[in-house]
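So the structure is just underneath, and the comments pick up after that.
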Amino acid sequence: MSVTVVVGGQYGDEGKGKIISYLALHDKPDVIARGGGGPNAGHSVEHGSKKYSIRLVPSGFVNQQSKLAIGAGVLVDAGVFLREVETFGLGSRCIIDRRATLITQEMKDADAASETAKKIGTTKTGMGPAQAARASRTAPTVESEPRLKKYLGDVPALVNSAKNVLVEGSQGFMLSNLYGTYPFVTSKDVSASTICAEVGLGPRSVKDVIMVIKAYTTRVGSGPMPGELSVADAEKRGMQEYGTVTGRPRRTNPDLIWDELRFSAQVNSASFIALTKLDVKFPACAKKKEYDELPLEAKNFVKQIENEVGVKVGLIGTGPDADDIIDRREQDE
Ligand code: GTP
Ligand code: IMP
Ligand code: MG
């Protein structure tokens, strides 16, 4: 059995969707299982001429052969799930663990209305109230929603009997409820161990943990953001981004925050870094597929990351498409 886990190493929106879609197409996992938050996540995947925006189903769905699963730890919004299944034509390919929590309209309303949620700048998707209800043992599970009945299954049984499993995390380590910039965080831990537990995998089953980081730092919502650029300055550098779920402008720091990345690599036990948007920082990298084709300053940046964080940069994003990537996981230094 071979399990690869993908997590975010910064504040979410590192480009996990793109890295996961590449791994799904290239490593051909038989099962792709989603752990982490719920519909607060927003992943963008571009493949061929198509662009997809995804919140709940695994971003790896672009591999038509893989079975798809949503783990017990994920908070499920039935409307979001059913819309994605229909839009992406997933039919019976996707199961939800029958133990997962169901987000209700009341939870979404509470998330939109609460003063704490406003202070944090949540996504208003009901995450905090749903997680609190689960902890209080008052939350409904997905079994109480008749429209989901045909999608319910046993995700631990599926992932533990598969040969090759890709596990998708969501959000980023600095938004972890335990290790992030508390209280400006999401409602749960989002590190690799928790993501695995959420889909029913134990620590000994994992082969690789891929920590995705972007070549600069962005954050959406409140909380500390040292070195923050104005929107105009971020635009000038081509780094200004907008949230996929809420449409809010993301806050930008043009640099990497080394102590946070080291901490993230440590707690996630990262075996590789996947570095995205190297072409945004160094435009001459656009669409390159070989490391040797990168300009010297970009190679030096990659080396600096490896030295500072102490983890090999195994994947490098050089453009928006799933295939715009340098895969040097197997290459020696
Ligand atoms: P996650 O939440 O981590 O999945 O990131 P995200 O999908 O939320 O980020 P966003 O919605 O901002 O989408 C990222 C966009 O950047 C998508 O259109 C991707 O195709 C694109 N992208 C990802 N990696 C790269 C890269 O290496 N270079 C460029 N130019 N674009 C990229
Ligand atoms: P919540 O998860 O909706 O409760 O939001 C808590 C904080 O996490 C807010 O600052 C959100 O902007 C942030 N957040 C939650 N999910 C994501 C994500 O997928 N990407 C980026 N930020 C997120
Ligand atoms: Mg995102």
Failed criterion for S144 (all others in (1) small (G, A, S); (2) over 23 Å from I20 (Cα atoms); (3) open to solvent by less than 50 Å² (accessible area, probe 1.4 Å) hold): (3)
Filter result for A322 (within 16 Å of ligand 3 (Cβ to nearest atom), touching a His at 6+ places or on another chain (Cβ under 9 Å), open to solvent by less than 60 Å² (accessible area, probe 1.4 Å) and aliphatic (A, V, I, L, M)): yes
Mind listing just one residue for me: the one in the stretch 150-181 that is among the hydrophobic types (A, V, I, L, M, F, W, C) and part of a helix (DSSP H, G or I) and, of those, nearest to ligand 3 (Cβ to nearest atom)? L175
Options P226, P283: the member that is open to solvent by 10 Å² or more (accessible area, probe 1.4 Å) and either modelled with pLDDT of 95 or more or of a type in the set (D, E, K, R) (or both): P283
Matching residues, the stretch 42-69, being β-branched (V, I, T) and farther than 22 Å from L158 by Cα: V45, I54
Starting from residues that are away from ligand 2 (no atom under 11 Å from the Cβ) and under 21 Å from R134 (Cα atoms), keep the ones in the stretch 160-181 and report whichever is least open to solvent (accessible area, probe 1.4 Å). Y179
Looking only at residues that are open to solvent by less than 60 Å² (accessible area, probe 1.4 Å) and within 16 Å of ligand 1 (Cβ to nearest atom) in the stretch 229-239, which one is nearest to Y11 (Cα to Cα)? M239
With (1) at pLDDT 95 or above; (2) within 19 Å of G169 (Cα to Cα); (3) not aliphatic (A, V, I, L, M) as the list, and D111 as the residue in question, which single condition is left unmet? (2)
Would you pick out the residues in the stretch 240-257 that are surrounded by fewer than 16 Cβ atoms within 10 Å (Cβ to Cβ), more than 8 Å from ligand 2 (Cβ to nearest atom) and of a type in the set (D, E, K, R)? D255
Hey, which of the strands (runs of 3 or more DSSP E) in the stretch 1-111, taking only ones fully inside, have at least 2 residues that are on the phi < 0 side of the Ramachandran plot, surrounded by fewer than 22 Cβ atoms within 10 Å (Cβ to Cβ) and within 16 Å of ligand 1 (Cβ to nearest atom)? 43-47, 50-54
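The values are calculated or read from the model by the stated rules, or taken from the named source; none is laboratory data. Everything quoted here is computed from the prediction, not taken from an experiment. Glycine also receives a Cβ, built like all others from the backbone with ideal geometry; neighbour counts cover every protein chain displayed. Note: areas computed on protein heavy atoms with side chains; ligands, DNA, RNA excluded. Shrake-Rupley method; radii C 1.70, N 1.55, O 1.52, S 1.80 Å.
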